[in-house]
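K.L.:
One structure is given below, represented as structure tokens, and several questions about it will come after.
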Number of protein chains: 2
Amino acid sequence: LSSSNPSGDRTAFAARVLDPIRAIVGDRGIITDPGEMRPYMESWRDNWVGRSPLVVQPGSTEELAAVVRVCAETRTPIVPQGGNTGLTGAGQPHEDGSEVVISTSRLNRIREIDIDNDTVTVEAGCILANIQNAARDIGRLFPLSLGAEGTCQIGGNIATNAGGVQVLRYGNMRNLVAGLEVVLADGRIWNGLRGLRKDNAGYDMKQIFIGSEGTLGIVTAAVLKLSPLPRATATALVAVSSPSDAVDLLNRAKGMAGDRIVTFELIQRLCIDIARKHVPDVPDPLRDLYPWYVLVELADQEAGGHLAELLEGILEAGLEAGEMLDGVVAASKAQADSLWRIREGIPEGQKREGVSYKHDVSVPISKVARFLDRTNAALEREFPGIRPFSFGHLGDGNIHYNPIQADGGDTAQWRARLGAVNAIVHDIVVDLGGSISAEHGIGRLRIDELPRYKSAVEMDMMAMLKAAFDPHNIMNPGKILRLPRASAGA
Amino acid sequence: LSSSNPSGDRTAFAARVLDPIRAIVGDRGIITDPGEMRPYMESWRDNWVGRSPLVVQPGSTEELAAVVRVCAETRTPIVPQGGNTGLTGAGQPHEDGSEVVISTSRLNRIREIDIDNDTVTVEAGCILANIQNAARDIGRLFPLSLGAEGTCQIGGNIATNAGGVQVLRYGNMRNLVAGLEVVLADGRIWNGLRGLRKDNAGYDMKQIFIGSEGTLGIVTAAVLKLSPLPRATATALVAVSSPSDAVDLLNRAKGMAGDRIVTFELIQRLCIDIARKHVPDVPDPLRDLYPWYVLVELADQEAGGHLAELLEGILEAGLEAGEMLDGVVAASKAQADSLWRIREGIPEGQKREGVSYKHDVSVPISKVARFLDRTNAALEREFPGIRPFSFGHLGDGNIHYNPIQADGGDTAQWRARLGAVNAIVHDIVVDLGGSISAEHGIGRLRIDELPRYKSAVEMDMMAMLKAAFDPHNIMNPGKILRLPRASAGA
């Protein structure tokens, strides 16, 4: 729709794509008004704004499949979209207005709860928080938990292999999926909704769609694994002198508490300062100032005070071994919530502090300290005054490494340094065997960096997989991999 | 090598395949003597005996890759082989003698141990037990545990996504792999040896090789995830009146002990009788006879008697609720070992009892009881006198459903019924949403059954993946999928 003859194109699009799709989903499944389409065009962080002639909201898997068939036959590119809370531009159409958005919002039924099997079968458009609540209602935990949980949809969580604050204990989204239903790029429906813990009958096809960001097919439903609901939690904020001491404390905690460790979040002092500066009610519970902190949370099936005793025992041993300097254990749910305010206030505080360079990276846990030392030094050398700002999931080796511009510096000048900062950070990450995207994915944000950090063999393997499952490149083109766009002539 | 001109073929094979491979691996990497090759031709259960002109044992990943390049160029089909302990014929060459066996036995180094990252990097030919021991030496657990652990190689465990007796707690092999090194079908080496807990930078390519039975590439090394070594275990044998009561007890145990539950093995009374009949030292520790038993084991990081108290608490509550009838908790390591003798003696006892029909199936845990009822009734109707014989990993919904011929019946007659029995069992499994191979894989054993139980769409997806990564079908052809064989003319 971006040719020299827009009205002719528009008529052709209506005849070839819009009308057949309307015949499938009806008027209630179609949005073409630019104002109404707007929320589907813009991303959560406002950094991507796309254009599209059409947002489709199918009412069933069968409708969605029929819509994909129309797109496949006409070589119309598709952008699958869930709650639109992604951080890499994977969910927005490109600016050229050539892509149809297929939203899963109306696929929002919980199809089945199997309490003895600890599984729930949900449609892709179910809001994450609703699934958490449905699990809690039957005395189970659905452990995926992240900032956007009130808005994001499970289909998007699956497409991005979402992480969050409990991965250490429960794994990524990939570990929580027992089965999938997927509409393939040719519009066929694959029903892989098996609720099995073990299934080695041939290739495990669901694995290729998890984390593929809608580029290989559209997830329309899933069987999710539930866990027992913990009966006790214990939370502490601990001060440490360095990330490497935090790793020692983590090892001690693993040895003493194993999988009871749900959260082990490393927090740099500056993060607390900036959260407190901009966000109300962020506490600073320790009397003295320390360079680093860890928010630890344990959870267990065993009710009563035993878990708190175990946490206290870990901290006492950690103090004695010199791995930590001070700490406070929450004595109530309210105190625990207050400690969590620190962690939760960081992203908001940072947003208000000026230009920051966000990096969602991971390295082996053994190399987190070295990564921070090397990167902080390299950036300070190149950009004097830049403020190191790091927090994240130490237990997963996943650091949100988000340095902030010098205090009071020129914003436009700092903004122009984004590419140079990225290159320094990501070069060191990959040199240490790490990943340039630990949990957010590639989308458009990292698409041009990826070939710099993956081997040619691996890039080629990804292209082989893409070509096999989406030979005409109509499924979310220009995300993850830059390949020739589909041409509408076929 | 099975043409009408065998000696001419042999000369051509030597010039095109054998000599170039010998130039790569040297004499010590080549076996051509039929007697020496024999152990590589026969399977663990003796049900597959193949033929091959050549067994290659490369000494490094680079050598293995160069060997695969020779095979790729000459379209010579390859059978990758690890410890040769598989149960489905995936590791044996076909009878026509056209395939070269590539053994990973000499790739047996532990390349790196990263204690702070809880990972170990191993080559594919490492024996599973050696990896378990290396982990234990540094105070860690490598949790994969199965009968063949003294012989099987980790590359084979990965290629078959091995299960075993601790899946309930630690997951399948897939959950224990952080990174892979793979030689692709064209002989390129993919180095994906990243030791990361989180990595969403593009498609997770390792997933396609795990469980692919050597049909998409050859795993040459892996980064494995380690766990803390448990400091306490508690073991019990419990009597229940039905599998459905066992499921209730499992739910109770999950609610009270969560992930401390490592093992929850359902055992039918007849299994104990037959183990005791044929295997020495199998105990029968409860005074009365009961129809079903469960072997439960908990493990925990917390040392001391707390875990045993927790197990006793679960059993007391289970008794009170009527979910179990009797039980005994092991008071020592020796008593725990003795309880495990029951479970371990079952396969051996069964082997000596006559014709048995082995099924490695899984269904949702909620449907295990219904599966057993329906299948036992259907088989008894069709084959009067057949003896139901079931045991397995109830916590995973994975039942080894292995009915035995009527006591004293005609062996040949019973043997002829294999296909009919399989069809009855597997039809019911799939009707209940289950899998015809929970942990052993497909190989040759189930290759012709698979299309009966998978949808045409799923079979086609598997073929698409295979065609993308092994377009000439030289990687373990005739395993999992029946596709046109490579022709040597290319």
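The values are calculated or read from the model by the stated rules, or taken from the named source; none is laboratory data. For clarity, every value in this text was computed on a predicted model and none was experimentally measured. Don't worry about glycine lacking a Cβ; one is built from the backbone with ideal geometry, like all the others, and counts go over all protein chains shown. Heavy atoms of the whole protein, side chains included, go into the accessibility calculation; ligands, DNA and RNA do not. Shrake-Rupley method; radii C 1.70, N 1.55, O 1.52, S 1.80 Å.
K.L.:
If A:Gln413 meets every condition in (1) more than 22 Å from the chain's Cα centre (by Cα); (2) within 14 Å of another protein chain (Cβ to nearest Cβ); (3) not aliphatic (A, V, I, L, M) apart from one, which number is that one?
P.N.:
(2)
K.L.:
Looking at B:Gly86, B:Gly97 in this structure, which one is touching a Ser or Thr at 6+ places or on another chain (Cβ under 7 Å), open to solvent by less than 20 Å² (accessible area, probe 1.4 Å), part of a loop (DSSP other than H, G, I, E, B) and over 14 Å from B:Gly29 (Cβ atoms)?
P.N.:
Values: B:Gly86 fails: open to solvent by less than 20 Å² (accessible area, probe 1.4 Å).
When all the criteria are applied, what remains is B:Gly97.
K.L.:
Any residue at all in the range A:447-460 that's closer than 10 Å to B:Gly202 by Cα and either part of a loop (DSSP other than H, G, I, E, B) or modelled with pLDDT under 95 (or both)?
P.N.:
yes
K.L.:
Being within 30 Å of B:Asp360 (Cα to Cα), open to solvent by 10 Å² or more (accessible area, probe 1.4 Å) and touching a strand residue (DSSP E or B) at 6+ places or on another chain (Cβ under 7 Å) narrows it down to one of A:Lys206, A:Lys254, so name that one. Spell out the reasoning first.
P.N.:
Working: A:Lys254 fails: within 30 Å of B:Asp360 (Cα to Cα).
Every option except A:Lys206 fails the conditions.
K.L.:
Restricting to the range B:43-62, name every residue that is within 20 Å of B:Gln153 (Cα to Cα), surrounded by fewer than 20 Cβ atoms within 10 Å (Cβ to Cβ) and modelled with pLDDT of 95 or more.
P.N.:
The answer is B:Gly59, B:Ser60, B:Glu62.
K.L.:
Then there's this: B:Val279: open to solvent by 10 Å² or more (accessible area, probe 1.4 Å), within 20 Å of the chain's Cα centre (by Cα) and among the aliphatic types (A, V, I, L, M), yes or no? Don't jump to the end; show me each part of the working.
P.N.:
Details: open to solvent by 10 Å² or more (accessible area, probe 1.4 Å): yes; within 20 Å of the chain's Cα centre (by Cα): no; among the aliphatic types (A, V, I, L, M): yes.
Taking the combined requirement at face value, the residue does not satisfy it.
K.L.:
Here's another thing I want to ask about it. Out of (1) modelled with pLDDT of 95 or more; (2) within 21 Å of A:Leu141 (Cβ to Cβ); (3) surrounded by fewer than 24 Cβ atoms within 10 Å (Cβ to Cβ); (4) facing chain B (nearest Cβ under 10 Å), what's the single condition that is false for A:Val223?
P.N.:
(3)
K.L.:
Another question, if that's okay. Any residue that is part of a loop (DSSP other than H, G, I, E, B) and over 30 Å from B:Ser212 (Cβ atoms) - is there at least one of those in the range B:418-440? Explain how you work it out, then say what you get.
P.N.:
Just the residues of the range B:418-440 that are part of a loop (DSSP other than H, G, I, E, B), to begin with: B:432-434, B:436-440.
Of the ones still in play, those that are also over 30 Å from B:Ser212 (Cβ atoms) are none.
Within the range B:418-440, not a single residue is part of a loop (DSSP other than H, G, I, E, B) and over 30 Å from B:Ser212 (Cβ atoms).
K.L.:
Just one of the numbered conditions (1) within 12 Å of another protein chain (Cβ to nearest Cβ); (2) within 22 Å of A:Ile346 (Cα to Cα); (3) polar (S, T, N, Q) is not true of A:Asn161; which one?
P.N.:
Looking at each condition in turn, A:Asn161 falls short on (2).
K.L.:
Follow-up question, since we're still on this one. Tell me which of these B:Val421 doesn't satisfy, since it passes every other one: (1) away from chain A (no Cβ under 14 Å); (2) closer than 30 Å to A:Leu226 by Cβ; (3) touching a residue at least 60 places away in the same chain (Cβ under 8 Å).
P.N.:
Going through the list (1) away from chain A (no Cβ under 14 Å); (2) closer than 30 Å to A:Leu226 by Cβ; (3) touching a residue at least 60 places away in the same chain (Cβ under 8 Å), B:Val421 breaks only (2).
K.L.:
Please find, within the range A:439-459, the residue that is farthest from the other protein chains (Cβ to nearest Cβ) out of those that are in contact with a Gly (Cβ under 8 Å, 6 or more places away or on another chain) and of a type in the set (D, E, K, R).
P.N.:
Among residues in the range A:439-459 that are in contact with a Gly (Cβ under 8 Å, 6 or more places away or on another chain) and of a type in the set (D, E, K, R), the one farthest from the other protein chains (Cβ to nearest Cβ) is A:Arg444.
K.L.:
Would you pick out the residues in the range A:102-118 that are among the basic types (Lys, Arg) and open to solvent by less than 70 Å² (accessible area, probe 1.4 Å)?
P.N.:
Answer for the range A:102-118, where residues must be among the basic types (Lys, Arg) and open to solvent by less than 70 Å² (accessible area, probe 1.4 Å): just A:Arg106.
K.L.:
Moving on. Output the number of residues of the range B:130-156 satisfying the condition of being open to solvent by less than 10 Å² (accessible area, probe 1.4 Å), within 14 Å of another protein chain (Cβ to nearest Cβ) and closer than 16 Å to B:Gly83 by Cα.
P.N.:
1
K.L.:
Given the structure, is A:Pro484 open to solvent by less than 40 Å² (accessible area, probe 1.4 Å), more than 7 Å from chain B (Cβ to nearest Cβ) and either part of a loop (DSSP other than H, G, I, E, B) or aromatic (Phe, Trp, Tyr) (or both)?
P.N.:
no
K.L.:
Sticking with this structure for a sec: Out of B:Arg231, B:Arg197, which single residue is out of contact with any Leu (no Cβ under 7 Å at 6 or more places or on another chain), of a type in the set (D, E, K, R) and surrounded by fewer than 20 Cβ atoms within 10 Å (Cβ to Cβ)?
P.N.:
B:Arg231
K.L.:
Please specify each residue of the range B:264-276 satisfying the condition of being open to solvent by 10 Å² or more (accessible area, probe 1.4 Å) and either part of a helix (DSSP H, G or I) or more than 19 Å from B:Val240 (Cα to Cα) (or both).
P.N.:
B:Arg269, B:Leu270, B:Asp273, B:Arg276, listed by residue number.
K.L.:
Further question on the same structure: Within the range B:29-39, restricting attention to residues that are farther than 23 Å from B:Glu348 by Cα and not aliphatic (A, V, I, L, M), which residue is most open to solvent (accessible area, probe 1.4 Å)?
P.N.:
Top of the filtered list is B:Arg38.
K.L.:
Another question, if that's okay. Exactly one condition in (1) touching an Asp or Glu at 6+ places or on another chain (Cβ under 7 Å); (2) over 21 Å from B:Gln166 (Cβ atoms) is false for B:Ser242; which is it?
P.N.:
Checking B:Ser242 against (1) touching an Asp or Glu at 6+ places or on another chain (Cβ under 7 Å); (2) over 21 Å from B:Gln166 (Cβ atoms), the one that fails is (1).
K.L.:
Can you name the condition, by its number, that B:Arg10 falls short on among (1) modelled with pLDDT under 95; (2) part of a loop (DSSP other than H, G, I, E, B)?
P.N.:
For B:Arg10, the failing item is (2).
K.L.:
Further question on the same structure: Would a scan of the range B:32-40 turn up a residue that is at positive phi and more than 24 Å from the chain's Cα centre (by Cα)? Quick ask: steps written out before the conclusion?
P.N.:
We begin by selecting, within the range B:32-40, every residue at positive phi; these are none.
Checked against the condition, which is being at positive phi and more than 24 Å from the chain's Cα centre (by Cα), the range B:32-40 yields no hits at all.
K.L.:
If A:Glu458 satisfies all but one of (1) open to solvent by 10 Å² or more (accessible area, probe 1.4 Å); (2) closer than 30 Å to A:Leu483 by Cα; (3) over 20 Å from the mean Cα position of the chain (by Cα), what's the number of the condition it fails?
P.N.:
So the condition that A:Glu458 fails would be (1).
K.L.:
Another question, then. Assess whether B:Glu297 counts as being in contact with a strand residue (DSSP E or B) (Cβ under 9 Å, 6 or more places away or on another chain), within 29 Å of A:Lys225 (Cβ to Cβ) and not in a strand (DSSP E or B). Show your work before the answer.
P.N.:
Values: in contact with a strand residue (DSSP E or B) (Cβ under 9 Å, 6 or more places away or on another chain): yes; within 29 Å of A:Lys225 (Cβ to Cβ): yes; not in a strand (DSSP E or B): no.
Here the answer is no, as B:Glu297 does not meet what is asked.
K.L.:
Taking the condition away from chain B (no Cβ under 11 Å), open to solvent by less than 10 Å² (accessible area, probe 1.4 Å), of a type in the set (A, V, I, L, M, F, W, C) and under 22 Å from A:Ala90 (Cα atoms), does A:Ala239 pass?
P.N.:
no
K.L.:
Could you check, for the range B:412-421, whether at least one of its residues is touching a helix residue (DSSP H, G or I) at 6+ places or on another chain (Cβ under 9 Å), open to solvent by 10 Å² or more (accessible area, probe 1.4 Å) and small (Gly, Ala, Ser)?
P.N.:
Yes, there is a match, as at least one residue in the range B:412-421 is touching a helix residue (DSSP H, G or I) at 6+ places or on another chain (Cβ under 9 Å), open to solvent by 10 Å² or more (accessible area, probe 1.4 Å) and small (Gly, Ala, Ser).
K.L.:
Within the group A:Ser227, A:Ser242, A:Ser145, which residue is hydroxyl-bearing (Ser, Thr, Tyr) and within 16 Å of the chain's Cα centre (by Cα)?
P.N.:
A:Ser145
K.L.:
Name the pairs: first residue in the range B:295-314 and closer than 16 Å to B:Lys333 by Cα and within 11 Å of chain A (Cβ to nearest Cβ), second residue open to solvent by 20 Å² or more (accessible area, probe 1.4 Å) and part of a strand (DSSP E or B), Cβ to Cβ under 6 Å, at least 6 apart or on different chains?
P.N.:
Taking only residues 6 or more apart or on different chains, the pairs are B:Ala299/B:Thr233.
K.L.:
I've got another one for you. Testing B:His472 on (1) open to solvent by 30 Å² or more (accessible area, probe 1.4 Å); (2) part of a loop (DSSP other than H, G, I, E, B); (3) at the interface with another protein chain (Cβ under 7 Å from one of its Cβ atoms), one condition comes back false. Which one is that?
P.N.:
Only one criterion in (1) open to solvent by 30 Å² or more (accessible area, probe 1.4 Å); (2) part of a loop (DSSP other than H, G, I, E, B); (3) at the interface with another protein chain (Cβ under 7 Å from one of its Cβ atoms) is unmet by B:His472, namely (3).
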